[in-house]
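The values are calculated or read from the model by the stated rules, or taken from the named source; none is laboratory data. From a predicted model like this one, the values you see are computed outputs, not experimental measurements. Every residue, glycine as well, gets a Cβ built from its backbone with ideal geometry; the counts of neighbours run over all protein chains shown.
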Amino acid sequence: MKGAKPRNLLDTRSGRFLAFGAMYVSEGIPYGFSSTAMVAFMRREGLALEQIGLFVGALFIPWAFKWAWAPLIDIVTMNRFGGRKAWIIGCTTMMIVTLLLTAAVDFVSHFELLLMAVVLNNFFCATQDVAIDALAVSSLQEEERGRGNGFMFAGQYLGIALGGGGAIFVYGLWGFDVALVYISALLLASLAFVVVFIRDPAANGPEPERPPSVLLAFVSTLKTFVGELMASFFRSGKGPVIGLLFSVLPIGAMALGYATVATMKVDHGLTDGQIAELSVYHTLAAGLGCLVGGVLGDRFGLKRMIGVFYVLTTLPTLYLAVQISLLGLPAIPRTEFYAAVIVYGLFFGMAFGLRPAIFMGMTNPAIAATQFTAFMAMGNLAISYTNYWQGIVAGRFGYAAVLYLDALIVIVPLVIMPFLRNREPERVVGQPVPAPALS
């Protein structure tokens, strides 16, 4: 009918999978540009491995501490402007602005300024992620969580491929300025998708009356909220507490997924075109792994399959460690290097995409944005400190030492996995947080 609104994709199961997969593409684009394209550029310019490890570690700092401002998503609903959709739109807009600011910094002469700019950019990226995750927790049905997270992180990896390898490819053909235009156009397309096809069901209710004192209403709501948060973590059985410990541990072997592999591509002697090609293959394999991991997790059990996927990430890691020890990185045949990195991407995607489904089972929907964010933030803290120590070890002892140690550390999360449990709702005290009058 003429003038009818576009359908809300969150109304159907297939629509939800498509919607959250597409929204996660916008999360992956700036991350791929920062962690893959800019890392390759910095290594080409001669920046030390320690500096690059610090850069990628700084990139994840806002993601590690996003729990500190995540309650705003739950408390300040902005129903008048579309609810969580308004948060997503606002943050995506600021992601574009701050990404351009980050890319404009001369990282050779002003490395400290670059660190500040990338932290600011990822503040908005992390806040957007909080809003999307809150919408996902309240929208996905229990039997959809594995596949839903598979689609979400497959979308993120597609975004990483577009923002990482894709940007390197564009840069090689037309230069850095065109690459920036390309990245901005991708984010604008993601923004348009949300504007047209996504509507937050929670924003459909009547607008609450504005209280006499907005500040007092905020304090009262926050007090109730904090009580619910504490109950959800510490009076919901052992699951959420053990989940916090598990969330701060490495996500399998990680060296071939972040800064270390990006610098290895340069030090192996790959051209910009080859780096772009391998980056795209790697991230597409990881995206496929997210989908496969989600299906296998729903069918055979989340915890069981996560353990299998963590172990699988160590196989290509150890293979390259042995090859580097025997031949040296530049002497490894290019096809073998490609194969190890791509296979690793598939296995890591399986683990990375399925892991959040475990935390969804530990999360109280009444405070979804904050509790789920706490789990995910600790995972990002693990990525941050992992990139930091790997940069130091690689600079001092070489890549082989990093890969061997990376595979060995996987034993720690494997020991914790048998104790993971879902939350126990019947033991949570208090009532769900009421919708505040701060829209």
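Considering the conditions (1) free of Cβ contacts under 8 Å to residues at least 40 places away in the same chain; (2) surrounded by 22 or more Cβ atoms within 10 Å (Cβ to Cβ), Trp174 is excluded by exactly one of them, (2).
A quick yes/no check of all residues on (1) closer than 26 Å to Leu72 by Cα; (2) in a loop (DSSP other than H, G, I, E, B); (3) among the small types (Gly, Ala, Ser):
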site: Thr102; (1), (2), (3): yes, no, no
site: Phe107; (1), (2), (3): no, yes, no
site: Glu112; (1), (2), (3): no, no, no
site: Met116; (1), (2), (3): yes, no, no
site: Phe123; (1), (2), (3): yes, no, no
site: Ser138; (1), (2), (3): yes, no, yes
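Being under 13 Å from the mean Cα position of the chain (by Cα), in contact (Cβ under 8 Å) with a residue 24 or more places away in the chain and under 20 Å from Phe375 (Cα atoms) holds for only one residue in Ile29, Ile61, and it is Ile61.
If you go through the range 39-81 and keep only what is surrounded by fewer than 21 Cβ atoms within 10 Å (Cβ to Cβ), not aromatic (Phe, Trp, Tyr) and not in a helix (DSSP H, G or I), you end up with Glu45, Gly46, Leu47, Ala48, Val76, Met78. Checked against the criteria, Leu403 counts as of a type outside the set (Ser, Thr, Tyr), modelled with pLDDT of 80 or more and within 24 Å of Phe55 (Cβ to Cβ). Among the residues of this structure, Phe151 does not count as one that is surrounded by fewer than 23 Cβ atoms within 10 Å (Cβ to Cβ) and either in a helix (DSSP H, G or I) or in contact (Cβ under 8 Å) with a residue 40 or more places away in the chain (or both). Figure legend. Inter-residue proximity from the range 267-281: first residues surrounded by 16 or more Cβ atoms within 10 Å (Cβ to Cβ), second residues part of a helix (DSSP H, G or I) and among the polar types (S, T, N, Q), beta-carbon distance below 7 Å, spacing 6+ or different chains. Indicated pairs: Ser279/Thr36. Phe20 satisfies every condition listed in (1) under 30 Å from Lys265 (Cβ atoms); (2) surrounded by 19 or more Cβ atoms within 10 Å (Cβ to Cβ) except (1). When Leu120, Leu113, Leu188 are checked against the criterion of being over 20 Å from the mean Cα position of the chain (by Cα) and surrounded by fewer than 23 Cβ atoms within 10 Å (Cβ to Cβ), Leu113 stands alone in meeting it.
Filtered by the rule that a residue be under 30 Å from Ile275 (Cβ atoms), touching a Leu at 6+ places or on another chain (Cβ under 6 Å) and at pLDDT below 80, the range 342-382 gives no residues. Kindly indicate whether Ala339 is modelled with pLDDT of 95 or more, in a helix (DSSP H, G or I) and hydrophobic (A, V, I, L, M, F, W, C). For Ala339, the condition - modelled with pLDDT of 95 or more, in a helix (DSSP H, G or I) and hydrophobic (A, V, I, L, M, F, W, C) - is met.
Within the range 1-57, restricting attention to residues that are touching a Phe, Trp or Tyr at 6+ places or on another chain (Cβ under 6 Å) and more than 26 Å from Ser184 (Cβ to Cβ), which residue is modelled with the highest pLDDT? Once the filter is applied, the top-ranked residue is Phe17.
Exactly one residue out of Gly391, Gly345, Gly349 is under 19 Å from Ser35 (Cβ atoms), surrounded by 24 or more Cβ atoms within 10 Å (Cβ to Cβ) and in contact with a Phe, Trp or Tyr (Cβ under 7 Å, 6 or more places away or on another chain), and it is Gly349.
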